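The values are calculated or read from the model by the stated rules, or taken from the named source; none is laboratory data. As the structure is a prediction and not an experimental result, all values here were calculated from the model. Positions of Cβ are backbone-derived with ideal geometry, glycine not excepted, and every protein chain shown enters the neighbour counts. For accessibility, only protein heavy atoms count, side chains too; no ligands or nucleic acids. Shrake-Rupley method; radii C 1.70, N 1.55, O 1.52, S 1.80 Å.
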Amino acid sequence: MSLRKTFAENIKYYRKEQGFSQQTLAEKCDIATNYLSEIERGQKFPSVEIIERLSRELNIPASLFFLEPKSKINDNILLKKRNKEFSEKLINTVTDLLKEYNISN
């Protein structure tokens, strides 16, 4: 994934996590709402000054904007959790069936 796309996805993720609309965050950062929208879609890349404003208003280190998109990390964690829960349920079901039919090793 390109750096611009990674940045865009993270800005959008952290904005929503803070409960800000695009308009609210744009106002806090003193930028136009349509400019923030273009940033979040990966069409524009902001200056360092704007990145610092976004970081300050979202209350996170700017470096987090450049890491693997937070939404994908959360999706991976959720998927692993669901797989673990499914595996545990499957093991319990098989164990119960073996007990029910008196099958043992």
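Numbers at a glance
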{"item": "Single unsatisfied condition, Gly42 versus (1) open to solvent by 50 Å² or more (accessible area, probe 1.4 Å); (2) at positive phi", "result": "(1)"}
{"item": "Where Ser37 falls short, out of the listed (1) open to solvent by less than 80 Å² (accessible area, probe 1.4 Å); (2) more than 13 Å from Tyr13 (Cα to Cα)", "result": "(2)"}
{"item": "Per-region count, region 82-105, residues under 30 Å from Thr6 (Cβ atoms) and modelled with pLDDT under 65", "result": "2"}
{"item": "Neighbours by Cβ (under 7 Å, 6+ apart or cross-chain): first from region 32-58, assigned to a loop (DSSP other than H, G, I, E, B); second open to solvent by 20 Å² or more (accessible area, probe 1.4 Å)", "result": "Gly42/Arg4; Gly42/Lys5; Lys44/Tyr35; Lys44/Glu38; Phe45/Arg4"}
{"item": "Every residue from region 8-49 that is among the charged types (D, E, K, R) and out of contact with any helix residue (DSSP H, G or I) (no Cβ under 6 Å at 6 or more places or on another chain)", "result": "Glu9, Lys16, Glu17, Glu27, Asp30, Glu38, Arg41, Glu49"}
